[in-house]
Amino acid sequence: MKIILNDNEFVTEAALTAYDAIKEAGLMTREVIAELLDGETVALTAPITEGCRLAPLTFADKEGKGVFNHTASHILAQAVKRLYPTAKLTIGPSVEDGFYYDVDAEEPFTREALDKLEGEMKKIVKENLKIERFTLPRDEAIKLMEEKNEPYKVLLIGRIPEGEDISFYRQGEFVDLCAGPHLFSTGAVKAYKLTQCTGAYWEGKSENKMLQHIYGVAFPSKDMLNAHLTMLEEARKRDHNKLGRELELFTTSELIGQGLPILLPKGARMIQTLQRFVEDEEQKRGWQLTKTPFMAKSDLYKISGHWDHYRDGMFVLGDPEKDKEVFALRPMTCPFQYQAYLTKGRSYRDLPLRYNETSTLFRNESSGEMHGLIRVRQFTISEGHLMCTPEQLESEFEACLDLTNFMLKTLGLFEDVSYRFSQWDPADTEKYIGTPEQWDEAQGMMKRILDELGINYKVGIGEAAFYGPKLDIQIRNVYGKEDTLITIQIDQMLAEKFGMEYVDRDGVKKHPCIIHRTSIGCYERTLALLIEKYAGAFPTWLAPVQVKILPIGTEQNDYARAFADKLSAVGMRVEVDDRNETIGYKIREARLGKVPYRIVIGAQEVENATVSVTSRDKGDLGAMTQDEFFLKICEEVRTKAR
């Protein structure tokens, strides 16, 4: 049989393993931990019985790291069962930046308990246990897990389709239900750390039992682990959840609920600044502002398809089985703005028609997904929907992308984003509306546009909206977790469902193409990312307090307030600290608040009609006249300098 390994061919007559193939090709090194076999990740022990294409995987590869972390999760589970034999195991996958295992245990795992688990994991690694895969028929698989008193595993086996292999992995005395693949032995996991244990409902549903969610990281060497832990420590200093509260930008309340943050005056001022900036820029670019209701009858969502495809993510008001009218809070604005389009007949001369809105939206995210301002249940978004002819689609899509790039560059986030071309999954068509032909046409159109614009994107199969493909602009938080910040979507289906038409040049009624887009994304998420990007030291134009005026004594208070009034009159955000405190205390408070400019006013400044200026970023700027500072800061804010 012919094997292609890293584009090199060799022929062998005997059946062999992936490890044997790499070794025979002279490519085996200590760093290789798994293989890609015809695009599928497999263990080094995987048998090769026919011709194939192989590629070795190391920890540096996403797939290799996944195998490594998955094995670490099994080592953790084995340690749990050794120290807490009555604990019940649920699931323990690898995740993007580590691994976790959800455990049904009688008591929460404290930091002391995690340290003990780490110690037991060390023993398991030192034992260098061989990891072996085996399969069982359904009845035997269920019996095995019942004997081990693992009810969650029994439940999971029951969900595996008839006829599929039910695979297990054994390492020493420990056996776990698992699809794999895994490393050859436990000894390869040289360094690890259990970072936290939190509560998590089984399958993310609040009606289910609360489990212990043990999270950890693992690496092939202690140096790599130490570097990661140092990065985490730096990340914690910038974590918007911590820093945003310290800077009094937002808070939360258990009485209000998870995913429903309260923006405090400083945070609300920043959101207002962003919103005004966005709406003004959108107006310059031909967008027309709308204001639509926060809720609608289920009839609207049934037409759009949200009722069938998105209802679990909506807050429904009323009982669909009993009530004549059932309402739902809006998860997006598109069907509302379509009603604005339908207020009168449209011609090709009316297109493109661009509707924008600062929309408050509601999505019923699971409690386990909530995270500060990044993932919430109520949020505000810079939303827009554009109706155009097919001939206008490409230029309008490019204009939407230009708008988002302008926003990202102004905010200083442009260099931090990546692009994902989110497509439908043809193997799971029930998730979507439309025919395969319509999806092929829409995705082909978007691909051509993205390629012509030179966008460097990754493809995300199954990540499309239920009505069309989209360009997702992705960004990572300080911990490396990726989220979508901005989307631009092409939709050729909802116009027909809503009866949206225009009369074309040939007198024939046609359905417009629709572009769904955000320009700055969700304001709350954007604020979170800005907190982390700048560690709270925001550019002057965006800072909630731009100038702090610090009179040395009470006799300078009137002069300080008069200058503050002059700055406030042109829209500057100014505070005067006229408390009966020492000037050193006032300066320290202003520094901790990360205010861009501190102005100290003493007797000499009053006598000379000057101000003594210190920049947060550039240090002492010395004495200036009032007008000199006034012009300086006005220009800095006008140009949105960073």
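Taken together, the values in this text are just the output of simple stated rules run on the coordinates, not laboratory data. Note that the structure is predicted; figures quoted are calculated from it, not measured. Every residue, glycine among them, receives a Cβ derived from its backbone with ideal geometry; neighbour counts consider all protein chains shown.
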Point to revise | Label zone at residue 441 (point 7 Å along Cα-to-Cβ), backbone N below 19 Å, the range 497-525 | key: 497-516
Review point. Using the reciprocal of the averaged 1/r over all distinct C-alpha pairs, how large is the Kirkwood radius of the range 340-442 in Å?
Key: 17.5
Check your understanding: residue 479 to residue 608: extension gain in nm, 0.36 nm per residue of separation minus the Cα-Cα distance?
Key -> 41.4 nm
Review point. Based on the alpha carbon coordinates of the range 547-638, what radius of gyration and maximum Cα-Cα distance (Dmax) apply, in Å?
Key: 12.0, 34
Study note, to complete from the structure: The simple spin-label model distance between residue 299 and residue 566, using points 7 Å out along Cα→Cβ, in nm, is 6.2
Point to revise | the chain: relative contact order in percent, alpha carbon pairs under 8 Å with at least 6 residues between | key: 9
**Study point:** Sorted by Cβ neighbour density within 10 Å, fewest at the top, the residues 314, 210
**Key:** 210, 314
Review point. How big is the antiparallel share of DSSP beta bridges in the range 500-642, given as a percent to the nearest 5?
Key: 60
Check your understanding: Rg(Cα) of the range 55-207 divided by 2.2 N^0.38 Å?
Key -> 1.03
**Study point:** Charge sum, other residues only, whose C-beta stays under 13 Å from residue 489's C-beta, Lys/Arg counted +1 and Asp/Glu -1
**Key:** -2
Review point. What FRET efficiency comes out for the pair residue 207/residue 416, r = Cβ-Cβ distance, R0 = 35 Å, nearest 0.05?
Key: 0.35
Exercise for review: Subtract the Cα-Cα distance of residue 641 and residue 8 from 0.36 nm times their separation in residues, and report this length gain in nm to one decimal.
Suggested key: 222.6 nm
Check your understanding: Classify the range 2-58: rounded, prolate or oblate, from the alpha-carbon gyration tensor (a ≥ b ≥ c, eigenvalue square roots; a/c under 1.5 rounded; otherwise prolate if a/b is larger than b/c)?
Key -> rounded
Revision key, fill the gap. Taking R0 as 30 Å and r as the Cβ-Cβ distance between residue 591 and residue 557, the FRET efficiency 1/(1 + (r/R0)^6), rounded to the nearest 0.05, comes to 0.90
Practice item. Would you mind checking the tilt of helix 436-452 against the longest principal axis of the Cα atoms of the chain, expressed as 0 to 90 degrees and rounded to 10? Key: 60
Review point. So how do 16-26, 137-147 stack up, highest first, on mean other-Cβ count within 10 Å?
Key: 16-26, 137-147
Practice item. With the cut-off at 23 Å, report for the range 167-287 the share of all Cα pairs above it, as a whole percent. Key: 63
Check your understanding: Taking N as the number of residues in the chain, what is its Cα Rg relative to 2.2 N^0.38 Å?
Key -> 1.15
Practice item. Provide the net charge surrounding residue 433, with neighbours chosen by a C-beta distance below 11 Å and charges set as Lys +1, Arg +1, Asp -1, Glu -1. Key: -2
Practice item. Please work out whether the range 262-534 counts as rounded, prolate or oblate from its C-alpha gyration tensor, where a ≥ b ≥ c are the square roots of the eigenvalues and a/c under 1.5 means rounded, while otherwise a/b larger than b/c means prolate and anything else oblate? Key: rounded
Review point. Taking the Cα-to-Cβ direction at residue 316 and at residue 130 and moving 7 Å from each Cα, how far apart do the two end points lie in nm?
Key: 5.4
Practice item. Can you tell me the FRET efficiency between residue 389 and residue 280 if r is taken as the Cβ-Cβ distance and R0 is 25 Å, rounded to the nearest 0.05? Key: 0.35
Review point. P(r) of the range 405-531 in 5 Å steps, Cα pairs, percent per bin?
Key: 2, 10, 18, 19, 17, 14, 10, 6, 2, 1, 0, 0
Review point. When the convex hull of the Cα atoms of the range 478-531 is projected onto a plane and the area is averaged over all directions, what value comes out in nm²?
Key: 5.5
Revision key, fill the gap. In whole angstrom, largest first, the equivalent ellipsoid semi-axes that the Cα gyration tensor gives for the range 160-237 are 29, 23, 10
Review point. Taking the Cα centre of each part, how many Å lie between the range 524-551 and the range 143-197?
Key: 47
